[in-house]
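The values are calculated or read from the model by the stated rules, or taken from the named source; none is laboratory data. What you see is a predicted model; the values in this text were computed from it and never measured. Cβ sites come from the backbone with ideal geometry, for glycine too, and all protein chains shown count toward neighbours.
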Amino acid sequence: DAKTTQPNSMESNEEEPVHLPCNHSTISGTDYIHWYRQLPSQGPEYVIHGLTSNVNNRMASLAIAEDRKSSTLILHRATLRDAAVYYCILTENSNSGYALNFGKGTSLLVTP
Amino acid sequence: KAGVTQTPRYLIKTRGQQVTLSCSPISGHRSVSWYQQTPGQGLQFLFEYFSETQRNKGNFPGRFSGRQFSNSRSEMNVSTLELGDSALYLCASSLGGRGYTFGSGTRLTVV
């Protein structure tokens, strides 16, 4: 499986934008890029996913580099509720299901 | 709509016993996956079921097993419990698309 590399931790001020980076230099052409987050004492939560083009939803934006070797999850205005561990995960484009390889993720601290 | 429901929320078992955990996916979701989360190993994939068939399996010993019923509900079983099996067990369901919805988990403590 292709690997991802994320910083162990990041810190942001409340109401500021947050850019969470992810490197995936060995990504294959059919790998999807997923982001999940896990708030304290909860199960992981789907945030966003994409293949080649940038994606937006109500939670966040996903910016994918043109060569697809890196991506950035953008939280436009961080709130205290966004403090969580954020996971960048690659999955194969498989019709037979897929496993999420969570890795260590980035622990995001949001300060008032 | 109701989310992914896992029962029980907490469980204490003795070494050598077996345990069965239950997961009810979101209505209409046919894919159910199980994960184990521990402080040391993080989140690790156990197995995934779709239409009562196991499609993918993680790197866990045969003591860990699962099944899925015709209504998509799933159970996982751990036999001959060891202290190291103490963990949060998470279930996730999907419509078959790209996003999984996770339950709140079952916290298993083996003493």
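Which of the residues spanning region B:61-103 are within 12 Å of chain A (Cβ to nearest Cβ), part of a loop (DSSP other than H, G, I, E, B) and at pLDDT 95 or above?
B:Gly103
Is it the case that A:Ile74 is away from chain B (no Cβ under 14 Å), touching a Gly at 6+ places or on another chain (Cβ under 8 Å) and aliphatic (A, V, I, L, M)?
Considered against the rule, which asks whether it is away from chain B (no Cβ under 14 Å), touching a Gly at 6+ places or on another chain (Cβ under 8 Å) and aliphatic (A, V, I, L, M), A:Ile74 comes out as no.
Considering only region B:9-48, how many residues are surrounded by 13 or more Cβ atoms within 10 Å (Cβ to Cβ), without any contact (Cβ under 8 Å) to a residue 40 or more places away in the chain and touching a Lys or Arg at 6+ places or on another chain (Cβ under 7 Å)?
3
Would you check if A:Asn54 is surrounded by 12 or more Cβ atoms within 10 Å (Cβ to Cβ) and either away from every other protein chain (no Cβ under 13 Å) or free of Cβ contacts under 8 Å to residues at least 40 places away in the same chain (or both)? Break it down into steps so the answer makes sense when it comes.
Numbers: surrounded by 12 or more Cβ atoms within 10 Å (Cβ to Cβ): yes; either away from every other protein chain (no Cβ under 13 Å) or free of Cβ contacts under 8 Å to residues at least 40 places away in the same chain (or both): yes.
Here the answer is yes, as A:Asn54 does meet what is asked.
So, restricting to strands (runs of 3 or more DSSP E) that lie completely within region A:1-41, which ones have at least 1 residues that are modelled with pLDDT under 95?
Per the criteria, A:32-38.
With respect to A:Ser107, is the statement that it is farther than 25 Å from B:Lys57 by Cα and within 14 Å of chain B (Cβ to nearest Cβ) true? Talk me through it step by step, then tell me what you get.
Details: farther than 25 Å from B:Lys57 by Cα: yes; within 14 Å of chain B (Cβ to nearest Cβ): yes.
So A:Ser107 fits the description; yes.
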